[in-house]
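Report on the structure given below.
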């Protein structure tokens, strides 16, 4: 199965290689050409207040952030002077309220409300109109009467974003009582742990496997899933999706 390193749970970019004289307004104006920006923060040294030569830029849309990375990374610009810019998606970050690292798997969608018997071709037929699909995995329900799920990975963020807007809550598969729920796929805990460092999501939720680690993870996953880690989908889907992704 296709593996992608997790990134921040929102379309946020790290921009490095900036000239130390560059202002926040210059960074904001430069990257606004790719789409609306929610926030732009110039990182500074706490003791001196001087720029560190890097910034965090949060876009409204994943496709806009993707275009900025594709165009700006590794290039010289008025923002960087003789140096080259480093522009990439930000790593998973800790929630302020509890310090837990959260992130999503790039361009990968979680699809809920998939009944038994649904095929890869059926899922592909629904999602193919939105862009090139890199990988599909259908997971049938393990109990009669329960719902399964699927994971669809696109080649671009723009396609994944378009699929969320076009499919979520708008199609009901044969045998399902509710419409398909589509959201960005929460990153697997072990992947966030690998990328995020010593106290990643994996450390906090997968510790103590010998004493019921699965139950611990599932319970906490359901708790934080109410809001949906990626900001999409239906309430409560985030925790269920995280549990399914880890269990497989």
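The values are calculated or read from the model by the stated rules, or taken from the named source; none is laboratory data. These figures come from a predicted structure and were not determined experimentally. Positions of Cβ are backbone-derived with ideal geometry, glycine not excepted, and every protein chain shown enters the neighbour counts.
The set of residues from region 135-146 being assigned to a loop (DSSP other than H, G, I, E, B) and either modelled with pLDDT of 95 or more or exposed (fewer than 14 other Cβ atoms within 10 Å of the Cβ) (or both) comprises 142, 143, 144, 145, 146. Within region 96-118, one or more residues are closer than 30 Å to residue 22 by Cβ and free of Cβ contacts under 8 Å to residues at least 12 places away in the same chain.
Within region 22-68, the set of residues being more than 13 Å from residue 89 (Cα to Cα) and either in a strand (DSSP E or B) or in the same structural domain as residue 163 (by TED's automatic domain parsing) (or both) comprises 37, 38, 39, 40, 41, 42, 43, 44, 51, 52, 53, 54. The lone criterion from (1) in a helix (DSSP H, G or I); (2) in contact (Cβ under 8 Å) with a residue 60 or more places away in the chain; (3) touching a strand residue (DSSP E or B) at 6+ places or on another chain (Cβ under 8 Å) left unmet by residue 153 is number (1).
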